[in-house]
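S.K.: One structure, as structure tokens, below. Some questions next.
The values are calculated or read from the model by the stated rules, or taken from the named source; none is laboratory data. Being a predicted model, the structure only gives us computed values, none of them experimental. Here Cβ is always computed from backbone atoms with ideal geometry, including for glycine, and neighbour counts include all displayed protein chains. Keep in mind that these areas ignore ligands, DNA and RNA; they rest on the heavy atoms of the full protein, side chains included. Shrake-Rupley method; radii C 1.70, N 1.55, O 1.52, S 1.80 Å.
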Amino acid sequence: MTIKTRFAPSPTGHLHVGNIRTALHNWMFAKKHGGEFLLRLDDTDEARSKEEYVTAIRADLGWLGINPDSEERQSARFDRYEERFEELKAAGHVYPAYETAQELDLKRKVQLSRGKPPTYDRGALELTEADIAGLEAAGRKAHWRFKLDHDTPITWTDLIRGDQHFDPALLSDPVIRREDGSWLYMLPSTIDDIDMGITHVVRGEDHVANTAVQIQMFHALGADTPDFAHEALLVGTEGKLSKRLGSLGVGGFRERNIEPQSIIALLARIGTSDPVEPIADIMTLVDGFDFSRFGRAPARFDDDELAQLNQKIVHLLDYSAVKDRLPDGMTATAWEAIRPNLHDMGELDHWWQVVTGPVTTCELTADDREFVNQAHDALNDLPWSETIWKEWTTALKQSTGRKGKPLFMPLRQALTGLDHGPDMGALLPLIGRDAALERLQNASA
Ligand code: GLU
């Protein structure tokens, strides 16, 4: 059996870090088992679904490297939902109801005031055909509920949460279709999971109660249930679901120069018993992916942890992985020289500017200016090579008696205009002979 998972966002907004995590785990599980990953756009809500979000969802997943093997759209499947709905109707699994939102609200309030759970009382099942005809004649339109089978307890073994039990009698029969004929999420999703051969449904634990209901829908539709994995939700460092996390997405990560690999490495591991590690190769993460590693406690998303991880990942990126993003003329050698100094790729231009110039010279003391002047002449006399820094500073050590910081710092300051930065041994050959001599001259003037 081919493993098949799906990620099913509604294109009513941008992806945020929570649903990126769900997408990632679906993708990883499928890849680990040689299976397929489907992107299903839950766009039954025609008013709120927007094409620009569809485009953005595809682009964000692409940027992250979470590439779907196929794509489906619920808006293309209304006929199919109608067909299966008619079957459920014929078999008595769905029923029309006419209560208004206010009536339902009132019923709930009464139940609560009596200390009862506010489940739907199935009042609509009491309606006679004559009642229904009367309501329809008065212009009332039905919404439709799925009739839960109260005699069959709902159980499943969740891949993360273990054995789950629900008493269907304690659940409300869910509304599956509105008065205007439009679909709520529950039934189309189940029909799709069946038709599209989904073997594993991986989603947040906010869907656990939906799963209980959907399991009965699978059965009513004559299908086996897939396996389920409900993961603990993502929280911020303050320990709760924050507004900020809900709006943090690929756009925000890109603005902060976070690499897709860093987001993947973090989201693959938080909330699991495996440590967060700087692993730039997604397939290494896939190999170790296992729902048995997932914990029940919320996964904590920490911006600082992401920034630190990102720095470590940048230090691991090969020239081939970044070459399209490097400034013009920047070679593999230059990348390797500068890379250890980067917190993120946003700093690259700054260091490349230090190499290519012009640099603003530091104010040096008279002593250091004199030293830099001598250093200029010494450099001028030496044959240029890739190891020039070593040869030059060894010669200067002998001729001036300087060593350590007093030897190196004025040279760094004269050559880069800064008192920190990449290893000078790697930087000097990149700056080149003529530019180096010119900078030394300017700094000693
Ligand atoms: N469109 C649903 C959501 O975004 C999908 C849930 C599911 O995975 O079944 O919540």
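S.K.: Any residue at all in the range 275-284 that's open to solvent by 50 Å² or more (accessible area, probe 1.4 Å), among the acidic types (Asp, Glu) and closer than 21 Å to Arg203 by Cα?
M.R.: No; the residues of the range 275-284 include none that is open to solvent by 50 Å² or more (accessible area, probe 1.4 Å), among the acidic types (Asp, Glu) and closer than 21 Å to Arg203 by Cα.
S.K.: Moving on. I need the full set of residues from the range 120-148 which are without any contact (Cβ under 8 Å) to a residue 60 or more places away in the chain and surrounded by 15 or more Cβ atoms within 10 Å (Cβ to Cβ), in order please. Steps first, please.
M.R.: Kept after step one, since they are without any contact (Cβ under 8 Å) to a residue 60 or more places away in the chain, are these residues of the range 120-148: 120-145, 147.
Of everything in the range 120-148, those that are without any contact (Cβ under 8 Å) to a residue 60 or more places away in the chain and surrounded by 15 or more Cβ atoms within 10 Å (Cβ to Cβ) turn out to be Tyr120, Asp121, Arg122, Ala124, Leu127, Ile132, Leu135, Ala142, His143, Trp144, Arg145, Lys147.
S.K.: For the range 75-94, which residues satisfy the criterion of being over 16 Å from Leu221 (Cβ atoms) and in contact with a helix residue (DSSP H, G or I) (Cβ under 9 Å, 6 or more places away or on another chain)?
M.R.: Answer for the range 75-94, where residues must be over 16 Å from Leu221 (Cβ atoms) and in contact with a helix residue (DSSP H, G or I) (Cβ under 9 Å, 6 or more places away or on another chain): just Phe78.
S.K.: Same structure again: Among Thr199, Thr225, which is the only one that is at negative phi, open to solvent by less than 40 Å² (accessible area, probe 1.4 Å) and not basic (Lys, Arg)? Show your work before the answer.
M.R.: Numbers: Thr225 fails: open to solvent by less than 40 Å² (accessible area, probe 1.4 Å).
Exactly one of Thr199, Thr225 is at negative phi, open to solvent by less than 40 Å² (accessible area, probe 1.4 Å) and not basic (Lys, Arg), namely Thr199.
S.K.: On the basis of being of a type in the set (A, V, I, L, M, F, W, C), touching a strand residue (DSSP E or B) at 6+ places or on another chain (Cβ under 7 Å) and open to solvent by 60 Å² or more (accessible area, probe 1.4 Å), does Leu88 make the cut? Show your work before the answer.
M.R.: Details: of a type in the set (A, V, I, L, M, F, W, C): yes; touching a strand residue (DSSP E or B) at 6+ places or on another chain (Cβ under 7 Å): yes; open to solvent by 60 Å² or more (accessible area, probe 1.4 Å): no.
No, not satisfied.
S.K.: Have a look at Asp163, Asp206, Asp192 and point out the one that is touching a Lys or Arg at 6+ places or on another chain (Cβ under 7 Å), of a type in the set (Asp, Glu) and outside any loop (DSSP other than H, G, I, E, B).
M.R.: Details: Asp163 fails: touching a Lys or Arg at 6+ places or on another chain (Cβ under 7 Å); Asp206 fails: touching a Lys or Arg at 6+ places or on another chain (Cβ under 7 Å).
Checking each option against the conditions leaves just Asp192.
S.K.: Could you please tell me which pairs satisfy a Cβ distance under 8 Å, a separation of 6+ or placement on different chains, a first residue in the range 184-205 that is farther than 15 Å from Arg84 by Cα and of a type in the set (Ser, Thr, Tyr), and a second residue that is within 12 Å of the ligand (Cβ to nearest atom) and at pLDDT 95 or above?
M.R.: Listed by first residue and then by second, the contacts come to Thr199/Thr5; Thr199/Pro226.
S.K.: May I pose another question? State all residues of the range 213-248 that are touching a Phe, Trp or Tyr at 6+ places or on another chain (Cβ under 7 Å) and of a type in the set (Phe, Trp, Tyr); if no residue qualifies, say none.
M.R.: Once the filter is applied, which keeps residues that are touching a Phe, Trp or Tyr at 6+ places or on another chain (Cβ under 7 Å) and of a type in the set (Phe, Trp, Tyr), the range 213-248 yields only Phe228.
S.K.: For the range 51-74, state whether one or more residues are under 30 Å from Glu136 (Cβ atoms), within 16 Å of the ligand (Cβ to nearest atom) and in contact with a helix residue (DSSP H, G or I) (Cβ under 7 Å, 6 or more places away or on another chain).
M.R.: First, pick out the residues of the range 51-74 that are under 30 Å from Glu136 (Cβ atoms): 74.
Keeping just the survivors that are within 16 Å of the ligand (Cβ to nearest atom) gives 74.
When the remaining residues are screened for being in contact with a helix residue (DSSP H, G or I) (Cβ under 7 Å, 6 or more places away or on another chain), the result is 74.
The answer is yes; a qualifying residue exists.
S.K.: Here's a follow-up. Within the range 234-279, can you find the residues that are closer than 12 Å to Pro298 by Cα and of a type in the set (A, V, I, L, M, F, W, C)?
M.R.: Within the range 234-279, Leu234, Val235, Leu241, Ile270 qualify.
S.K.: For the range 171-182, enumerate the residues that are away from the ligand (no atom under 15 Å from the Cβ) and either open to solvent by less than 20 Å² (accessible area, probe 1.4 Å) or touching a His at 6+ places or on another chain (Cβ under 8 Å) (or both). Show your work before the answer.
M.R.: Going through the range 171-182, the residues away from the ligand (no atom under 15 Å from the Cβ) turn out to be 171-173, 175, 177-181.
Within the range 171-182, Asp173, Val175, Arg177, Arg178, Glu179 qualify.
S.K.: Next question, about the same structure. If we keep just the residues of the range 183-231 that are in contact with an Asp or Glu (Cβ under 8 Å, 6 or more places away or on another chain) and aromatic (Phe, Trp, Tyr), which is nearest to the ligand (Cβ to nearest atom)?
M.R.: Tyr185
S.K.: Something else now. In the list Lys390, Lys403, Lys397, which residue meets the criterion of being touching a residue at least 24 places away in the same chain (Cβ under 8 Å) and over 38 Å from the mean Cα position of the chain (by Cα)? Quick ask: steps written out before the conclusion?
M.R.: On the way: Lys403 fails: touching a residue at least 24 places away in the same chain (Cβ under 8 Å); Lys397 fails: touching a residue at least 24 places away in the same chain (Cβ under 8 Å).
Just a single option satisfies the conditions, and that option is Lys390.
S.K.: Got a sec? Which of Ala443, Ala414 is in contact with a Pro (Cβ under 9 Å, 6 or more places away or on another chain) and either open to solvent by less than 10 Å² (accessible area, probe 1.4 Å) or assigned to a loop (DSSP other than H, G, I, E, B) (or both)? Step through it out loud before you land on a result.
M.R.: Numbers: Ala414 fails: in contact with a Pro (Cβ under 9 Å, 6 or more places away or on another chain).
Only one candidate passes the filter, namely Ala443.
S.K.: With respect to Val322, determine if the residue is open to solvent by less than 90 Å² (accessible area, probe 1.4 Å) and in contact (Cβ under 8 Å) with a residue 60 or more places away in the chain.
M.R.: Values: open to solvent by less than 90 Å² (accessible area, probe 1.4 Å): yes; in contact (Cβ under 8 Å) with a residue 60 or more places away in the chain: no.
In short, no.
Listed here are the residues, each with its yes/no results for (1) among the hydrophobic types (A, V, I, L, M, F, W, C); (2) assigned to a loop (DSSP other than H, G, I, E, B); (3) over 30 Å from Leu148 (Cα atoms).
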position: Phe228; (1), (2), (3): yes, no, no
position: Glu238; (1), (2), (3): no, yes, yes
position: Arg254; (1), (2), (3): no, no, yes
position: Ala268; (1), (2), (3): yes, no, yes
position: Ile279; (1), (2), (3): yes, yes, yes
position: Met283; (1), (2), (3): yes, no, yes
position: Val286; (1), (2), (3): yes, no, yes
position: Ala297; (1), (2), (3): yes, yes, yes
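S.K.: Report, by residue number, each residue of the range 31-72 that is surrounded by fewer than 16 Cβ atoms within 10 Å (Cβ to Cβ) and not in a helix (DSSP H, G or I).
M.R.: Going residue by residue through the range 31-72, those that are surrounded by fewer than 16 Cβ atoms within 10 Å (Cβ to Cβ) are 34, 46-48, 50-52, 55, 59, 62-63, 65, 67, 69-71.
Matches in the range 31-72: Gly34, Glu46, Ala47, Arg48, Lys50, Gly65, Asn67, Asp69, Ser70, Glu71.
S.K.: Residues in the range 250-263: is at least one within 20 Å of Phe7 (Cα to Cα), open to solvent by 10 Å² or more (accessible area, probe 1.4 Å) and of a type in the set (A, V, I, L, M)?
M.R.: no
S.K.: Among the residues of the range 19-30, is any of a type in the set (Val, Ile, Thr) and in a helix (DSSP H, G or I)? Before the answer, list the steps.
M.R.: Residues of the range 19-30 that are of a type in the set (Val, Ile, Thr), as a first pass: 20, 22.
Checking which are in a helix (DSSP H, G or I) leaves us with 20, 22.
So far as the range 19-30 goes, yes, one or more of its residues are of a type in the set (Val, Ile, Thr) and in a helix (DSSP H, G or I).
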